[in-house]
1. Being charged (D, E, K, R), assigned by TED's automatic domain parsing to the domain that holds residue 215, surrounded by fewer than 20 Cβ atoms within 10 Å (Cβ to Cβ) and in contact with a Pro (Cβ under 8 Å, 6 or more places away or on another chain) is the requirement here; does residue 169 meet it?
2. Go over the candidates 176, 151, 113 one by one and state the one that is among the small types (Gly, Ala, Ser), in contact (Cβ under 8 Å) with a residue 40 or more places away in the chain and surrounded by 16 or more Cβ atoms within 10 Å (Cβ to Cβ).
3. Between a first residue in region 191-204 that is outside the structural domain of residue 163 (by TED's automatic domain parsing) and a second residue that is polar (S, T, N, Q) and part of a helix (DSSP H, G or I), which pairs have beta carbons less than 7 Å apart while being 6 or more apart in sequence or on different chains?
4. Of the conditions (1) surrounded by fewer than 19 Cβ atoms within 10 Å (Cβ to Cβ); (2) closer than 28 Å to residue 150 by Cα, residue 78 satisfies every one except a single condition; which number is it?
5. Could you please tell me which pairs satisfy a Cβ distance under 6 Å, a separation of 6+ or placement on different chains, a first residue in region 84-95 that is basic (Lys, Arg), and a second residue that is in a strand (DSSP E or B) and at pLDDT 80 or above?
6. Any residue that is assigned by TED's automatic domain parsing to the domain that holds residue 180, at pLDDT 90 or above and not in a helix (DSSP H, G or I) - is there at least one of those in region 52-71?
7. Can you name the number of the only condition in (1) within 18 Å of residue 66 (Cα to Cα); (2) surrounded by 12 or more Cβ atoms within 10 Å (Cβ to Cβ) that residue 121 fails?
8. Check residue 127 against each of (1) without any contact (Cβ under 8 Å) to a residue 24 or more places away in the chain; (2) farther than 17 Å from residue 175 by Cα; (3) not in a loop (DSSP other than H, G, I, E, B) and name the one condition it does not meet.
Amino acid sequence: MSFNLKGIFCKIYKMLSFSITRGQLSFIVVSAIIGVGLIVLAVFLLRNLYYKKHFDESYYKKIYKMAVLDDYYLINHFTYTVDESTKTKIDHILFGDKFIYVIICKYFEGDVSGKYNDRSLIFQSKSGKNLYTPNPINEIKTITTNLSMISGIDPDYMIGLVVVNDNCRVAIQSDSKQFYVIQKKRIDALVHAIESRPLGKMNEKRLYEAVHIINKLNEKNNG
């Protein structure tokens, strides 16, 4: 026995056309469109909420993948007490061939703009309202200085990176070659560009010593 799908649909259409009015049919179509729209909106909001809550995990996967592909050393969740009032916390420390990348991760529900040396940046929320937020470049500068101080490693070998979510547009006027605010999707391109600078690579012994010194200082490993 074979089914005539075209005939079945025609019969269903005829039944509906006799049983409901054109206005009712329009209401059903509009309601269906609204329902689908609400479902799409709910999925979008839930996805953004999940991403915001787990953004650090997303950043880690990106940086870990880069470390594996480029054969770089990577230390995560570095913690060290500088003094009674200062504690250094670093999300990731990536050891390239020429530089050590000190990385902290931020999530902004909006866009940031301003100047490199500004104390605060302009934060434009998704609703379009302009507010101010502390300039994370100042934070990464302090963190890098502290890491250099406690490890004895020359700060000229360190690059400070503030990694932000991809839907945060960054417009910071800067000519710095050491400190950056960068979207997650652009971090690998930036690191590769920095590593391509015409400088000699750290020798293997110096690189291993830097990794060993910083890893030994990590209070996370000693807790």
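The values are calculated or read from the model by the stated rules, or taken from the named source; none is laboratory data. Note that the structure is predicted; figures quoted are calculated from it, not measured. Glycine also receives a Cβ, built like all others from the backbone with ideal geometry; neighbour counts cover every protein chain displayed.
1. Against the criterion (charged (D, E, K, R), assigned by TED's automatic domain parsing to the domain that holds residue 215, surrounded by fewer than 20 Cβ atoms within 10 Å (Cβ to Cβ) and in contact with a Pro (Cβ under 8 Å, 6 or more places away or on another chain)), residue 169 does not qualify.
2. Within the list 176, 151, 113, the selection yields 151.
3. Within 7 Å, no pair qualifies.
4. The one condition residue 78 does not meet is (1).
5. From residues that are basic (Lys, Arg), the pairs are 87/81; 89/79.
6. Yes, the conditions are met somewhere in region 52-71.
7. (1)
8. Tallying (1) without any contact (Cβ under 8 Å) to a residue 24 or more places away in the chain; (2) farther than 17 Å from residue 175 by Cα; (3) not in a loop (DSSP other than H, G, I, E, B), residue 127 fails exactly one: (3).
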